[in-house]
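One structure is given below, encoded as C-alpha coordinates.
The values are calculated or read from the model by the stated rules, or taken from the named source; none is laboratory data. Bear in mind the structure is a predicted one, so any value in this text is a computation, not a measurement. Here the Cβ is made from the backbone with ideal geometry for all residues, glycine too, and neighbour counts use every protein chain on show. The protein model used for the area step is the full one, side chains on, heavy atoms only, and it has no ligands, DNA or RNA in it. Shrake-Rupley method; radii C 1.70, N 1.55, O 1.52, S 1.80 Å.
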Amino acid sequence: MASLYATLLADARFHELLLAFDADLADAARAGRCRHCDGALHSAKFKRKPRGRGCKLGPEHDQRFSFCCAVDGCRGRETPASLRFLGRRVYVAAIVVLIAIMREGATAARMRQLSELIGVNRRTIERWREWWRGAFTASPFWQIGRAAFVPPVDHDRLPVSLIERFNGGGRERLLALLRFLAPITGGDRRAR
Ligand SMILES: [Zn+2]
(Lines give C-alpha, C1' and ligand atoms only; values in the text may rest on other atoms or scores of the structure.)
Protein backbone atom coordinates (compact mmCIF):
# COMPACT_ATOMS: atom_id res chain seq x y z
CA MET A 1 0.00 0.00 0.00
CA ALA A 2 2.83 2.39 0.88
CA SER A 3 4.51 2.03 -2.51
CA LEU A 4 1.20 2.55 -4.27
CA TYR A 5 0.73 5.88 -2.49
CA ALA A 6 4.32 6.91 -3.17
CA THR A 7 3.67 6.28 -6.88
CA LEU A 8 0.51 8.33 -6.71
CA LEU A 9 2.35 11.35 -5.30
CA ALA A 10 4.84 11.18 -8.15
CA ASP A 11 2.07 11.04 -10.74
CA ALA A 12 1.41 14.44 -12.30
CA ARG A 13 -2.06 13.28 -13.40
CA PHE A 14 -3.04 12.80 -9.78
CA HIS A 15 -2.02 16.39 -8.99
CA GLU A 16 -3.87 17.64 -12.09
CA LEU A 17 -6.96 15.92 -10.78
CA LEU A 18 -6.61 17.57 -7.37
CA LEU A 19 -6.20 20.94 -9.09
CA ALA A 20 -9.37 20.31 -11.12
CA PHE A 21 -11.29 19.54 -7.90
CA ASP A 22 -9.97 22.75 -6.36
CA ALA A 23 -11.02 24.75 -9.42
CA ASP A 24 -14.57 23.40 -9.01
CA LEU A 25 -14.61 24.31 -5.33
CA ALA A 26 -13.34 27.79 -6.26
CA ASP A 27 -16.09 28.23 -8.86
CA ALA A 28 -18.70 27.46 -6.23
CA ALA A 29 -17.10 29.95 -3.81
CA ARG A 30 -16.91 32.67 -6.45
CA ALA A 31 -20.67 32.40 -6.94
CA GLY A 32 -21.17 33.32 -3.27
CA ARG A 33 -20.98 36.68 -1.51
CA CYS A 34 -18.76 38.14 1.18
CA ARG A 35 -19.84 36.71 4.53
CA HIS A 36 -19.17 40.01 6.29
CA CYS A 37 -20.96 42.52 4.07
CA ASP A 38 -22.58 40.54 1.26
CA GLY A 39 -20.28 42.25 -1.25
CA ALA A 40 -19.10 40.67 -4.50
CA LEU A 41 -16.01 38.49 -4.43
CA HIS A 42 -13.01 39.01 -6.67
CA SER A 43 -10.31 36.51 -7.41
CA ALA A 44 -7.25 37.01 -5.18
CA LYS A 45 -5.17 33.87 -5.52
CA PHE A 46 -2.13 33.64 -3.37
CA LYS A 47 1.16 31.99 -4.07
CA ARG A 48 1.86 28.81 -2.19
CA LYS A 49 4.24 26.13 -3.19
CA PRO A 50 3.60 23.15 -0.97
CA ARG A 51 6.35 20.66 -0.31
CA GLY A 52 6.12 16.95 -0.75
CA ARG A 53 5.03 16.67 -4.35
CA GLY A 54 6.92 13.90 -6.04
CA CYS A 55 6.90 15.36 -9.55
CA LYS A 56 7.40 18.53 -11.55
CA LEU A 57 4.26 20.60 -12.01
CA GLY A 58 3.32 23.80 -13.81
CA PRO A 59 3.09 27.21 -12.07
CA GLU A 60 -0.72 26.89 -11.82
CA HIS A 61 -0.10 24.35 -9.05
CA ASP A 62 1.72 26.92 -6.94
CA GLN A 63 -1.36 29.01 -6.23
CA ARG A 64 -4.20 28.66 -3.84
CA PHE A 65 -7.60 29.84 -5.00
CA SER A 66 -8.84 32.67 -2.84
CA PHE A 67 -11.25 35.58 -3.07
CA CYS A 68 -11.33 39.07 -1.72
CA CYS A 69 -14.38 41.22 -1.04
CA ALA A 70 -14.69 44.04 -3.58
CA VAL A 71 -16.17 46.47 -1.06
CA ASP A 72 -13.79 49.19 0.09
CA GLY A 73 -13.13 49.03 3.81
CA CYS A 74 -14.22 45.40 4.15
CA ARG A 75 -11.54 43.43 2.36
CA GLY A 76 -12.93 40.18 3.74
CA ARG A 77 -11.21 37.15 2.33
CA GLU A 78 -12.76 33.83 1.44
CA THR A 79 -10.49 30.89 0.84
CA PRO A 80 -12.42 27.91 -0.47
CA ALA A 81 -11.85 24.35 0.63
CA SER A 82 -9.04 22.49 -1.07
CA LEU A 83 -7.94 18.96 -1.79
CA ARG A 84 -4.37 20.16 -2.15
CA PHE A 85 -3.76 22.42 0.83
CA LEU A 86 -4.53 21.46 4.39
CA GLY A 87 -4.82 24.77 6.20
CA ARG A 88 -1.49 26.51 6.46
CA ARG A 89 0.62 23.40 6.37
CA VAL A 90 3.63 23.66 4.11
CA TYR A 91 3.16 20.15 2.73
CA VAL A 92 0.49 19.01 0.28
CA ALA A 93 -2.60 17.64 2.02
CA ALA A 94 -2.09 14.18 0.50
CA ILE A 95 1.28 13.95 2.23
CA VAL A 96 -0.15 14.79 5.64
CA VAL A 97 -2.62 11.96 5.13
CA LEU A 98 -0.27 9.48 3.52
CA ILE A 99 2.71 9.86 5.80
CA ALA A 100 0.49 9.14 8.76
CA ILE A 101 -0.87 6.09 6.97
CA MET A 102 2.53 4.83 5.90
CA ARG A 103 3.87 5.32 9.38
CA GLU A 104 1.48 2.65 10.58
CA GLY A 105 3.35 -0.62 10.60
CA ALA A 106 6.40 0.77 8.83
CA THR A 107 9.83 -0.11 10.10
CA ALA A 108 12.14 2.64 11.36
CA ALA A 109 14.38 2.07 8.34
CA ARG A 110 11.52 2.47 5.89
CA MET A 111 10.30 5.60 7.64
CA ARG A 112 13.79 7.06 7.39
CA GLN A 113 13.85 6.27 3.67
CA LEU A 114 10.48 7.84 3.18
CA SER A 115 11.26 10.98 5.13
CA GLU A 116 14.44 11.46 3.09
CA LEU A 117 12.58 10.95 -0.16
CA ILE A 118 9.92 13.51 0.66
CA GLY A 119 12.11 15.79 2.72
CA VAL A 120 10.11 15.71 5.91
CA ASN A 121 11.75 15.11 9.25
CA ARG A 122 10.67 12.80 12.03
CA ARG A 123 9.51 15.63 14.27
CA THR A 124 7.11 16.85 11.60
CA ILE A 125 5.77 13.35 11.11
CA GLU A 126 5.17 13.07 14.87
CA ARG A 127 3.47 16.46 14.87
CA TRP A 128 1.06 15.33 12.17
CA ARG A 129 0.33 12.18 14.10
CA GLU A 130 -0.47 14.26 17.16
CA TRP A 131 -2.67 16.49 15.01
CA TRP A 132 -4.73 13.52 13.80
CA ARG A 133 -5.21 12.17 17.29
CA GLY A 134 -5.56 15.49 19.08
CA ALA A 135 -6.71 18.60 17.27
CA PHE A 136 -8.50 16.68 14.53
CA THR A 137 -10.50 14.40 16.83
CA ALA A 138 -11.40 17.38 19.02
CA SER A 139 -12.51 19.56 16.09
CA PRO A 140 -16.18 20.47 15.67
CA PHE A 141 -15.88 19.06 12.13
CA TRP A 142 -15.02 15.60 13.40
CA GLN A 143 -17.41 15.77 16.33
CA ILE A 144 -20.20 15.91 13.75
CA GLY A 145 -18.55 14.02 10.89
CA ARG A 146 -17.69 10.93 12.88
CA ALA A 147 -21.39 10.14 13.36
CA ALA A 148 -21.45 9.09 9.69
CA PHE A 149 -19.24 6.10 10.48
CA VAL A 150 -20.70 2.97 12.01
CA PRO A 151 -19.06 1.30 13.85
CA PRO A 152 -17.12 4.29 15.21
CA VAL A 153 -13.69 5.08 13.75
CA ASP A 154 -10.80 4.06 16.01
CA HIS A 155 -9.09 7.32 17.02
CA ASP A 156 -5.83 5.64 17.94
CA ARG A 157 -5.39 4.43 14.36
CA LEU A 158 -6.24 7.66 12.55
CA PRO A 159 -6.05 8.30 9.64
CA VAL A 160 -5.68 4.61 8.66
CA SER A 161 -8.95 3.76 10.38
CA LEU A 162 -10.63 6.53 8.38
CA ILE A 163 -9.30 5.78 4.90
CA GLU A 164 -10.29 2.15 5.39
CA ARG A 165 -13.90 3.27 5.47
CA PHE A 166 -13.86 4.51 1.90
CA ASN A 167 -14.34 2.22 -1.08
CA GLY A 168 -12.16 1.59 -4.09
CA GLY A 169 -8.47 1.32 -4.81
CA GLY A 170 -5.76 3.43 -3.21
CA ARG A 171 -6.34 6.40 -5.50
CA GLU A 172 -10.12 6.44 -5.00
CA ARG A 173 -9.81 6.09 -1.26
CA LEU A 174 -7.28 8.88 -0.99
CA LEU A 175 -9.46 11.19 -3.11
CA ALA A 176 -12.51 10.31 -1.02
CA LEU A 177 -10.63 11.09 2.18
CA LEU A 178 -9.28 14.40 0.84
CA ARG A 179 -12.79 15.34 -0.22
CA PHE A 180 -14.11 14.42 3.20
CA LEU A 181 -11.47 16.64 4.83
CA ALA A 182 -12.09 19.57 2.45
CA PRO A 183 -14.38 21.51 4.85
CA ILE A 184 -11.52 22.00 7.33
CA THR A 185 -9.02 23.19 4.75
CA GLY A 186 -10.54 26.53 3.86
CA GLY A 187 -10.48 29.65 5.84
CA ASP A 188 -11.73 33.13 6.15
CA ARG A 189 -8.82 35.42 6.54
CA ARG A 190 -8.81 39.15 6.34
CA ALA A 191 -6.67 40.26 3.45
CA ARG A 192 -3.44 41.81 4.53
ZN1 LIG B 1 -17.17 42.32 2.44
Response to the item:
Scalar couplings 3J(HN,Hα) for the stretch 23-34 by Karplus 6.51 cos²θ - 1.76 cosθ + 1.60 (θ = phi - 60°), nearest whole Hz, x for Gly and Pro, are 5, 5, 4, 5, 4, 5, 5, 4, 6, x, 10, 4
Discussion item. I need the phi-derived Karplus couplings for the stretch 35-42: 6.51 cos²θ - 1.76 cosθ + 1.60, θ = phi - 60°, integer Hz, Gly and Pro marked x.
Written reply: 6, 8, 9, 6, x, 6, 9, 10
Discussion item. Based on the alpha-carbon set only, what is the convex hull volume of the chain divided per residue, in Å³?
Written reply: 127 Å³
Worksheet item: Relative contact order for the chain: what is it in percent, counting Cα pairs under 8 Å that are at least 6 residues apart?
Response: 24 percent
Worksheet entry | Rounded to whole Hz, the Karplus (6.51, -1.76, 1.60) HN-Hα couplings of the stretch 158-164, x for glycine and proline | 5, x, 4, 5, 8, 5, 4
Practice prompt. List the residues whose amide H sits under 5 Å from the amide H of residue 51, counting only those 5 or more places along or on another chain, with H placed 1.01 Å from N in the peptide plane.
Written response: 91, 92
Worksheet, complete the sentence: For the stretch 46-89, listing chymotrypsin sites (Phe, Trp or Tyr not before Pro) in a DSSP loop whose Cβ sees at most 16 other Cβ atoms within 10 Å gives none
Worksheet entry | Pairwise centroid distance, computed over Cα atoms, of the stretch 21-68 with the stretch 142-166, Å | 28 Å
Worksheet item: Rolling a 1.4 angstrom probe over the protein heavy atoms, how many square angstrom per residue are accessible across the chain?
Response: 54 Å²
